[in-house]
1. With +1 on the Cβ of every Lys and Arg and -1 on the Cβ of every Asp and Glu, and nothing else charged, how large is the dipole of the chain about its Cα centre, in debye rounded to the nearest 20?
2. List the aspartates and glutamates whose Cα sits under 19 Å from the Cα of LYS36, skipping any in the same chain fewer than 8 residues away.
3. With Rg/Rh (Cα atoms, Kirkwood Rh) in mind, check [x] 1.89; [y] 0.95; [z] 1.38 and report the label derived from this structure.
Amino acid sequence: MRWLLGAVVVAFAAGWWFSLQYQDSQQLLIERAARKAAVEIQTSIAATAQVVENKLQDLRANERHTEKVIRTEVVKPVFNNVCATDDYMRLFNDATERDESILSGKSIN
């Protein structure tokens, strides 16, 4: 009877030990799969980040930089004291147009 009881205890202990070994091997497989998945995800993320970075560099290279240039033209200045009459301004403008056409080589008409 003692022999049977000893065999049952040994069988129970052996079953317990094999169960723990099986659980450990399953846990090891899960950890290995998780590490492999993490490496694959990091590789994928790095590749995607590189593609996005290249696209951003292309977009930055195609930007157009413009400067605002503000020009003001005085059509008819306003003076506090009238220095020239309207007739003088007309004669001055006519002379200026005539001189510009002569200098540019174009005819007056």
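Just so it is clear, none of the values below were taken in a lab; they were calculated from the coordinates. Note that the structure is a prediction, hence the values are computed from the model and not measured. Cβ sites come from the backbone with ideal geometry, for glycine too, and all protein chains shown count toward neighbours.
1. 900
2. Within the straight-line cut-off, LYS36 pairs with ASP24.
3. Evaluating Rg/Rh (Cα atoms, Kirkwood Rh) on these atoms matches [x].
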